[in-house]
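Take a look at the structure set out below.
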Amino acid sequence: MAPRPPSFLALAAKVLLGVVFVAYPVLVWQGLRAGSPRVIAATLLCIVLPIAALRLRRAKNASLRGLAAVPIATAIGLVLSAVLDDAGFLLLVPTTINAIFLAVFGASLRRGSMPMVERFARLQEETLSAEQRAWCRLWTIIWSAFFVANGTCAAVLAAAAPLDWWATYNGLVSYVLMGFLFAIEWTVRRRRFSRG
């Protein structure tokens, strides 16, 4: 039986959740400049909770299910910030997300496990050569190192830098770095393993 295409509601939830996560640092920065941590946390929670619940319920790919902890951790940070009226929990969400990605990618490097980059690669191509699998393992290690560095920068900025710096790094610089790393891997992989 062929899988059913996603409903409009599921697709809209997926897009909206993605937009909220990408824009999260800017939304927090604007919200903290205009009001209390409680107000911005409660506002974001009203957006994130229902969408995250819908996304988690529909998460069917077992190999990628560990990444479902991201919206859960975000919701927990928002709840703590709203209840305690503390901006620190809002600012630590990017660090927590990097820690989750590190845990998921790092756990996939255990002996007998499939590296996370290989899981993504197999979504496009079912059969990978030994060389391609080694490439995926190497890039899972590189991404893990990136999550350590990125999460550390986010934590230092949350603890000791002006809010503008935190928002600029987490809302712009970290995405540029991720895009750069992704582009390098994709370009080199296409050249190295091209069949044409």
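Listed values, structure above:
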| quantity | calculated |
| --- | --- |
| Among 106-116, 82-92, 17-27, the order from most to least packed when residues are scored by Cβ within 10 Å on average | 82-92, 17-27, 106-116 |
| Order of T168, T187 - criterion: other Cβ atoms within 10 Å of each residue's Cβ, fewest first | T187, T168 |
| Value of Rg/Rh across the chain [Cα atoms, Kirkwood radius] | 1.00 |
| Added length on full extension, which subtracts the Cα-Cα distance from 0.36 nm per residue, L123 to V176 | 16.6 nm |
| Principal-axis tilt of helix 130-160 within the chain, Cα atoms, nearest 10 degrees | 10 |
| Fewest-first ranking of C46, C136, using other Cβ atoms within 10 Å as the exposure measure | C46, C136 |
| Helical contribution to [θ] at 222 nm, DSSP H n ≥ 4, -39,500 (n - 2.57), averaged over the chain, rounded to 500 | -25500 deg cm²/dmol |
| Rounded to 10°, Cα long-axis angle of helix 69-84 versus longest principal axis of the chain | 10 |
| Residues of segment 90-115 with amide N under 15 Å of the 7 Å Cα→Cβ point at A145 | 106 |
| Cα long-axis angle, helix 37-57 against the chain (0 to 90 degrees, to the nearest 10) | 30 |
| In Å, descending, principal axis extents of the Cα set of segment 87-160 | 47, 19, 18 |
| Residue exposure sequence - Y169, Y175 - by fewest surrounding Cβ within 10 Å | Y175, Y169 |
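Every number here is computed from the coordinates shown, using simple stated rules; none is lab data. Predicted model only: the values in this text are computed from it and were never measured. Reconstructed Cβ throughout: ideal geometry from the backbone, glycine too, with neighbour counts over all protein chains shown.
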